[in-house]
Each structure stands twice: as structure tokens, then as C-alpha cells.
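Only one structure is covered here, and it is reproduced in the block below.
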Amino acid sequence: MSGPLILGIETSCDETGVAVVAGHEVLASVLATQIEAHARFGGVVPEVAARAHVEAIRPMVHLALRQAGVHSDQLDAVAATQGPGLIGALMVGFSFGKALAWSLGAPFVGIDHMEGHLFAPRLEHEDFSPPAVVLLVSGGHSQIVHMRGWGSYEVMGATIDDAAGEAFDKLARFMGLGFPGGPAIDRASEGGDPSIVDFPRALRDRPYDFSFSGLKTSVVTYLEKAKEQKSVPPLADVAAAIQEAIVDVLVDKTFQAVEATGVSRVAGGGGVLANRRLRQRLQEEADRRGVALHLPSPGLCTDNGAMIAAAGEFRLERGDITAWGADVSSSLRLDAP
Ligand code: KG4
Ligand code: ZN
């Protein structure tokens, strides 16, 4: 075991993630997912999320410590997500982490959720280090980040409307595929022919920004017209065409950022990076350009406690200890001064 022993807590959205990390080694990482609780609403309901975190947080912390074979008084620090995210959900993990750290006499470190995603690749790729361009795409965010160094980030572009995951979720809901929509479209697209229809690729003129609301309108219009004409194509083809439109834009803009910054490493994070087609296309493009690609395995792309512990270790080393009076914030920005 190398490096300090950190407990990481993530409760910004709909997963109660808790992990124990030592150095870059994940000793335990457990997750209580709320997918079922939100599925009947077709999306994450903030109050339902906060209540589910309240129920799960204590058992998850105990489980992570037990699986890691660690007693709480051995912990060197406790890290928890401070923001951005759903306020009620954030408050559960942040307050629990603070109280635990206080009771142990250990330092507490509040973590920017997006910085957590930036640290995920390091847990599995020893050779991953900045400078790099990182594509962060989840249900709440779509950003291209120029990671100049650990702790030094420039958000080069972001979505101007829906996040990429949100686009998957809304389109899947419209098509009756269930929640969360990303994995549903990923599965439904298997064997599909994406060339049956060319859905729009928006904001070609703004190199690093995204917009997905036009895609949604276009898919809805296309399917309604197809129904009217009684010529609805196979589900696999429609799913593949939607996926290809989203993936195209994400891959194009990521590599435009690589060109502009001149970096030789690309990484990714956020739930959408679990998408098999996106992973494949990023790999093909990275190989073609001779650029190194560091994608976390799907379980570390989606929200988890290990990435929060990893960022926590970095912040602890830097002496960025969070004051006991600090609060959560729904609007933290990676490149805030
Ligand atoms: O990072 P994450 O777990 O939570 C947020 O911070 O939002 O991301 C969840 C998002 C959801 O929108 C979900 O539909 C999407 O990631 N997602 C996927 C896949 N798996 C999860 N999108 C596309 N393909 C997937 N395989
Ligand atoms: Zn996330």
C-alpha cells in the first residue's frame, strides 16, 4: 500500500459511491444505484435522490471500509463531492464526510465532481499525466477540458443546452426505451445501420461547444413523419443513427481540441464514455493520429467514490483542506480562478 489512505464519497446525482483508495490503488469501491427509484419518472428526481442517499450513505461507508479491511481510525483523510450537482444530494455525502472526518480528527477535502472525473484515468493508467485533452460527458455535463497540469484546467468548450447523456436519456424516453437512456440506446443500436438517416451535427462553427437540442427535435420530427407514412425503420437502425450523430460530434471536437493544444494524450470521463461506439471511435482516431488514449473502464467512467478519493489525495498533498464551515455548491467550475 502506498500513499495516504483516503475515503472518497460521491453523492452529486443518483449514485451513492464510496471508495477507499491508497495511492493509486483502489482497495474497495462500492455503489448504491438509484436507477430503479428514478426509472418510473424517466429521469432523476432531486428529492428522491437526496432521500435515497440518506438511506444508503451509512451502509455504503461501512461496506467500503469492511471490503478494504480498513478501520475508520486508520484513514488519513475523508474526501466528498462538494459540487456541482443536485444540492440536496450533495449535502448528504458532504455533511456525512465532514462529520466523519471531524469525529476521527482527520482532514476533510471537498472535491469538484468534474475534477474527480479527471482523476479517474490515473487509477488504471499509471502513465496518464497532463498535458492532455479530456472529454467529460455525463448526464449533467458535456465539456472539453485542456488539462495543463494536475489542478490547472481550461474548459475549452461546453454544451449550450442539453448534456450528451441528457440527449441520450431524452431520446430513449421518447422512443420508450427506458432509463437511463444511454445504455438503452447503446444496446438497441447493436447490428443497426447508422446510415439510414443523417441526423444533424450541430455547432460545426464553434469548435469546442456542443448543442444537442436540435438533434432531439430532428429525431422526434423524423419518427413522427415515419409513423404517419407507416414506414418506421427498425429500432436498431434509428438507435445507431442517433448514437452516430452524438458520437461524431464528440469525437470531432475532442480531436479539434487536440490539434489546437498540440497535446499527445487524450482521456475521458463521465457516464457517456461507457458508450461502446464512442470508445471505439475515439480509439480509432487516436491510433490514426498516434495520440495516446486513456479511457477509464466503464465502471470508473460513471460516477464513483474512487475518483473522488483520487482527487482527494491530490488536494490533500497540496494542503487544500476544506474548512469545517464550507458548504456544497451546485455551480462549481473547474477553471474558476
Ligand atoms: O457520469 P454519470 O454516471 O452521472 C452524471 O454525472 O450524470 O453519467 C450518467 C449518464 C446518463 O445520461 C446515461 O444515459 C449516460 O451517462 N450513459 C451512457 C452509457 N452509459 C451511461 N450514454 C451512452 N452510452 C452508454 N453506454
Ligand atoms: Zn459525473
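The values are calculated or read from the model by the stated rules, or taken from the named source; none is laboratory data. Small disclaimer: the values here were computed from a predicted structure and weren't measured. In this analysis, Cβ positions are derived from the backbone assuming ideal geometry, glycine residues included, and neighbour counts consider all displayed protein chains. When the accessible area is computed, the model is the full protein with side chains, heavy atoms only, and any ligands, DNA or RNA have been set aside. Shrake-Rupley method; radii C 1.70, N 1.55, O 1.52, S 1.80 Å.
The table for this structure:
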| read-out | value |
| --- | --- |
| Wholly enclosed strands (runs of 3 or more DSSP E) of the stretch 129-194 bearing at least 3 residues open to solvent by less than 20 Å² (accessible area, probe 1.4 Å) | 132-137, 142-149 |
| Enumeration of residues in the stretch 161-186 that are aliphatic (A, V, I, L, M) and more than 16 Å from ligand 2 (Cβ to nearest atom) | Leu171, Ala172, Met175, Leu177, Ala184, Ile185 |
| Residue check for Lys216: open to solvent by 40 Å² or more (accessible area, probe 1.4 Å) and more than 29 Å from Phe255 (Cβ to Cβ) | no |
| Exclusive hit being of a type in the set (Val, Ile, Thr) and either open to solvent by less than 20 Å² (accessible area, probe 1.4 Å) or assigned by TED's automatic domain parsing to the domain that holds Gly181 (or both), set Ile35, Ile57 | Ile57 |
| Top-ranked residue in the stretch 74-87 [being more than 12 Å from ligand 2 (Cβ to nearest atom) and under 19 Å from the mean Cα position of the chain (by Cα); ranked as most open to solvent (accessible area, probe 1.4 Å)] | Ile87 |
| The stretch 107-128 residues that are among the aromatic types (Phe, Trp, Tyr) and part of a loop (DSSP other than H, G, I, E, B), paired with ones that are open to solvent by 10 Å² or more (accessible area, probe 1.4 Å) and away from ligand 1 (no atom under 12 Å from the Cβ) (beta carbon under 8 Å, 6 or more apart) | Phe128/Arg122; Phe128/Arg265 |
| Residues satisfying the stated conditions in the stretch 1-30, i.e. away from ligand 1 (no atom under 15 Å from the Cβ) and at pLDDT below 90 | Met1, Ser2, Gly3, Gly23, His24 |
| Residue check for Val272: away from ligand 2 (no atom under 14 Å from the Cβ), open to solvent by less than 30 Å² (accessible area, probe 1.4 Å) and among the β-branched types (Val, Ile, Thr) | no |
| Top-ranked residue of the stretch 31-77 - restricted to ones that are assigned to a loop (DSSP other than H, G, I, E, B) and modelled with pLDDT under 90, ranked as nearest to Glu313 (Cα to Cα) | Gln34 |
